[in-house]
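Asks: For reference, the structure I am asking about is given below.
The values are calculated or read from the model by the stated rules, or taken from the named source; none is laboratory data. If you're wondering where the values come from, they're calculated on a predicted model, not measured in any experiment. When we count neighbours, we look across all protein chains shown, and the Cβ atoms used for this are built from the backbone with ideal geometry, even at glycine. Each accessible area value is taken on the protein alone, full model and side chains, heavy atoms only, with ligands, DNA and RNA left out. Shrake-Rupley method; radii C 1.70, N 1.55, O 1.52, S 1.80 Å.
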Amino acid sequence: MAPITDQGATSREVYLPAGADWYNYWTNERVKGGQTITVQAPIDTIPLFVRAGSIVPLGSAIESTHQSRPSSM
């Protein structure tokens with residue numbers, strides 16, 4: 001994750017570590033690691049890259065262990 005810290009900025013440089021490819025979470029664009037890239041960063045979208053081969057669990061929020069999980073799982 002690469003938050004924007006400069007007021008008014010709409011892009012930022014992000015270093016992607018070597019040894020893996022990376023995916024832009026929002027666009028699914030594949031990018032080679034080991035380089036610094038400049039990415040667009042509009043106010044409503046934080047730059048987020050996921051290492052190729054990672055498992056990203058997605059689901060609805062559960063607020064407590066007393067809450068049962070959704071029936072679709």
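Asks: Name the residue that is farthest from Phe49 (Cα to Cα), counting only residues in region 9-18 that are touching a strand residue (DSSP E or B) at 6+ places or on another chain (Cβ under 9 Å) and open to solvent by less than 90 Å² (accessible area, probe 1.4 Å).
Replies: Thr10
Asks: In this structure, does Val56 turn out to be part of a strand (DSSP E or B) and modelled with pLDDT under 95?
Replies: no
Asks: Further, regarding this structure: Which of the residues spanning region 36-50 are over 8 Å from the mean Cα position of the chain (by Cα) and either more than 7 Å from Glu13 (Cα to Cα) or in a loop (DSSP other than H, G, I, E, B) (or both)?
Replies: Correct list: Gln40, Ala41, Pro42, Ile43, Asp44, Thr45.
Asks: What are the residues in region 7-35 that are outside any strand (DSSP E or B) and aliphatic (A, V, I, L, M), if any?
Replies: Within region 7-35, Ala9, Ala18, Ala20 meet the criteria.
Asks: Name the residue, out of Thr65, Thr27, Thr45, that is out of contact with any strand residue (DSSP E or B) (no Cβ under 9 Å at 6 or more places or on another chain), hydroxyl-bearing (Ser, Thr, Tyr) and surrounded by 12 or more Cβ atoms within 10 Å (Cβ to Cβ).
Replies: Thr45
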